[in-house]
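Have a look at the structure below, then the notes.
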Amino acid sequence: MLIDNFLHLNPVANPMQELRTDLAAANLAPLWDMMRKLAPRGPEGGGEPVHWNWKTLRSKGLRAAELITAEQAERRVLVLENPAFAGEGKATNSLYAGIQILLPGEIAPSHRHTASAIRLIMEGQGAYTAVDGERVTMFPGDFVVTPTGSFHDHGNDGREPVLWLDGLDVFIVNLLNSAFGEDHPDRQQPILREEGASAAQFAAGILPAGFQAGSPRSSVFIWPYERSRQALWSLTRNERIDSALGGGLRFVDPATGKSPVRTMTAGMRMLPAGFAGDNYRSISGAVMAVVEGRGRIAFDGLKPLELGPGDVFVVPSWRWHSFEASEDMVVFAFSDEELQRHLGFWREERAARRS
């Protein structure tokens, strides 16, 4: 305002500044000073595109394993930090991501916390995760979930390092001041059910007779890549694929048809060799990883990023991007889409590919 500007230049008589001072002393503030910060015209805080080459992630992860044990660290993880949120540990504005490393013979002790976790196994065999009394062996490409409040521990009975991508909704939990955590009395929780019990009861188009409709979830917490890959290949051969996203699937609880995590959506997409996708953006920033194949992603105004197996990258909220595949490429992604849809905030846009 002209009057406000004039008064600002004449501090001797500046009633507006006096008002601001008086308001601050009473723990009050004028909305007009922060209106556009609180209610911007569009999404502004999604962070930057980031790309981590798998060779770099692997080498630095193994270097960390030389210096600290899994038990000393409780969880030996390299945090994937977006430079737009330096020092905050965020991959996107709402989500955490990291690379966890477990050497042969190591155990990551049992604990639980409010934050839910999802995992994509990146490399190595012989490791397992135990959740709520059941243990599963993990293989590359497998998708694994640790639901909120569930005791979980990891171990590596194999002969090689095992690395996986972690994703957590910890910043959503912390925003609501809802974080709790607890160590299990034992290093490893008791195993109460045989391996594969949950999949046998829930993942074959059947339900246990006593399962109640409306239950929040089944006990399934692993989706093997063998099945996911078969579904993707069938999808791209037999169905029309999205012009921007390729052939996609999302992981759901087999008993509810909903995401196994209430705050996050996770899935995989298949981009056939030669695919050149339209431009796309959505309100949900995503963390993605190449499971197999090669291609690239282009963001407006930036040089395209070359993508290969194991590479991890961030697609920020409401940022135009497009995919190309030089060979059949499978991409894993997780985001806060589930929460955005539940709250009625979800929005996406497609546009013709830009030259």
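Would you check which residues across segment 244-291 are polar (S, T, N, Q), under 19 Å from ARG227 (Cβ atoms) and surrounded by fewer than 21 Cβ atoms within 10 Å (Cβ to Cβ) and list them?
THR256 - this is the single residue of segment 244-291 that is polar (S, T, N, Q), under 19 Å from ARG227 (Cβ atoms) and surrounded by fewer than 21 Cβ atoms within 10 Å (Cβ to Cβ).
Hey, any hits in segment 137-154 for a residue that's touching a helix residue (DSSP H, G or I) at 6+ places or on another chain (Cβ under 6 Å) and open to solvent by 30 Å² or more (accessible area, probe 1.4 Å)?
There is no residue in segment 137-154 that is touching a helix residue (DSSP H, G or I) at 6+ places or on another chain (Cβ under 6 Å) and open to solvent by 30 Å² or more (accessible area, probe 1.4 Å).
Within segment 331-338, is there a residue that is within 18 Å of the chain's Cα centre (by Cα) and open to solvent by 60 Å² or more (accessible area, probe 1.4 Å)?
Checked against the condition, which is being within 18 Å of the chain's Cα centre (by Cα) and open to solvent by 60 Å² or more (accessible area, probe 1.4 Å), segment 331-338 yields no hits at all.
Say whether the condition of being open to solvent by 80 Å² or more (accessible area, probe 1.4 Å) and at positive phi is met by at least one residue in segment 183-200.
no
Among the residues of segment 301-314, are any surrounded by fewer than 21 Cβ atoms within 10 Å (Cβ to Cβ) and under 21 Å from GLN340 (Cβ atoms)?
Checked against the condition, which is being surrounded by fewer than 21 Cβ atoms within 10 Å (Cβ to Cβ) and under 21 Å from GLN340 (Cβ atoms), segment 301-314 yields no hits at all.
Could you grab me the full set of residues in segment 204-224 that are open to solvent by less than 40 Å² (accessible area, probe 1.4 Å) and modelled with pLDDT under 75?
SER215 - this is the single residue of segment 204-224 that is open to solvent by less than 40 Å² (accessible area, probe 1.4 Å) and modelled with pLDDT under 75.
Out of the residues in segment 21-50 meeting the condition of being open to solvent by less than 60 Å² (accessible area, probe 1.4 Å) and touching a residue at least 12 places away in the same chain (Cβ under 8 Å), tell me which one is farthest from the chain's Cα centre (by Cα).
Once the filter is applied, the top-ranked residue is GLY42.
Based on this model, can you work out whether ALA298 counts as surrounded by fewer than 23 Cβ atoms within 10 Å (Cβ to Cβ) and either under 17 Å from GLY46 (Cα atoms) or free of Cβ contacts under 8 Å to residues at least 60 places away in the same chain (or both)?
yes
For segment 164-182, which positions are closer than 23 Å to GLY126 by Cα and either exposed (fewer than 11 other Cβ atoms within 10 Å of the Cβ) or in contact with a Phe, Trp or Tyr (Cβ under 9 Å, 6 or more places away or on another chain) (or both)?
LEU165, ASP166, GLY167
Does SER243 qualify as being farther than 23 Å from LEU307 by Cβ and among the small types (Gly, Ala, Ser)?
Here the answer is no, as SER243 does not meet what is asked.
Counting only residues that are part of a loop (DSSP other than H, G, I, E, B), under 18 Å from GLY149 (Cβ atoms) and not hydrophobic (A, V, I, L, M, F, W, C), how many does segment 159-187 have?
The number of residues fulfilling the criteria is 6.
Read through the list (1) surrounded by fewer than 16 Cβ atoms within 10 Å (Cβ to Cβ); (2) touching a Gly at 6+ places or on another chain (Cβ under 8 Å); (3) among the charged types (D, E, K, R), then give the number of the only condition that GLU66 fails.
Just one mismatch for GLU66, condition (2).
Given the options LYS90, LYS55, name the one that is among the basic types (Lys, Arg), under 17 Å from the mean Cα position of the chain (by Cα) and open to solvent by 30 Å² or more (accessible area, probe 1.4 Å).
LYS90
State which residue is nearest to LEU302 (Cα to Cα) when the search covers only segment 33-73 and only residues that are of a type in the set (A, V, I, L, M) and not in a helix (DSSP H, G or I).
So, considering only residues that are of a type in the set (A, V, I, L, M) and not in a helix (DSSP H, G or I), the one nearest to LEU302 (Cα to Cα) is VAL50.
The values are calculated or read from the model by the stated rules, or taken from the named source; none is laboratory data. If you're wondering where the values come from, they're calculated on a predicted model, not measured in any experiment. Methodologically, a virtual Cβ is constructed for each residue, glycine included, from the backbone with ideal geometry; neighbour enumeration extends over all protein chains shown. Only protein heavy atoms, including side chains, enter the accessible area calculation; ligands, DNA and RNA are left aside. Shrake-Rupley method; radii C 1.70, N 1.55, O 1.52, S 1.80 Å.
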